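Encoded as structure tokens, the structure appears first; notes follow it.
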Amino acid sequence: MLDDARTGGSAPILILDDVFAELDVQRRRKLAAIVSGAEQVLVTAAVDDDIPVELAGRRVRVVPGGIDEREDR
């Protein structure tokens, strides 16, 4: 891990727990633009479509009994 002078150590992990569900499309895009520069972002969402397309990255779907990491969603 790289040191981050702003935090005095490693780059933090930014966790957004289902925040996009509470925002309209314009605010979702603004928040996505703000956090897209972060080193590590973990986003949870109950609905896939709530996550703006601007937040590209690995997606993991939690399903009964495990996870689904298919790329064709």
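The values are calculated or read from the model by the stated rules, or taken from the named source; none is laboratory data. Just so it is clear, the structure is predicted and the values come from calculations on it, not from any experiment. Methodologically, a virtual Cβ is constructed for each residue, glycine included, from the backbone with ideal geometry; neighbour enumeration extends over all protein chains shown.
A few notes on this one:
- Annotation note: Cβ proximity below 8 Å between a residue of the stretch 5-20 that is at positive phi and a residue that is at pLDDT 70 or above and hydroxyl-bearing (Ser, Thr, Tyr) (sequence gap 6+ or interchain) occurs for 18/44.
- Residue list for the stretch 30-57, filter: part of a helix (DSSP H, G or I), closer than 26 Å to residue 70 by Cβ and touching a residue at least 12 places away in the same chain (Cβ under 8 Å): 32, 35, 48, 50
- Residues within the stretch 22-43 that are under 13 Å from the mean Cα position of the chain (by Cα) and either closer than 20 Å to residue 11 by Cβ or loosely packed, with under 14 Cβ neighbours inside 10 Å (or both), tallied: 13
- Looking only at the stretch 44-73, residues that are surrounded by 10 or more Cβ atoms within 10 Å (Cβ to Cβ), in contact with a helix residue (DSSP H, G or I) (Cβ under 7 Å, 6 or more places away or on another chain) and more than 18 Å from residue 12 (Cα to Cα) come to 5 in all.
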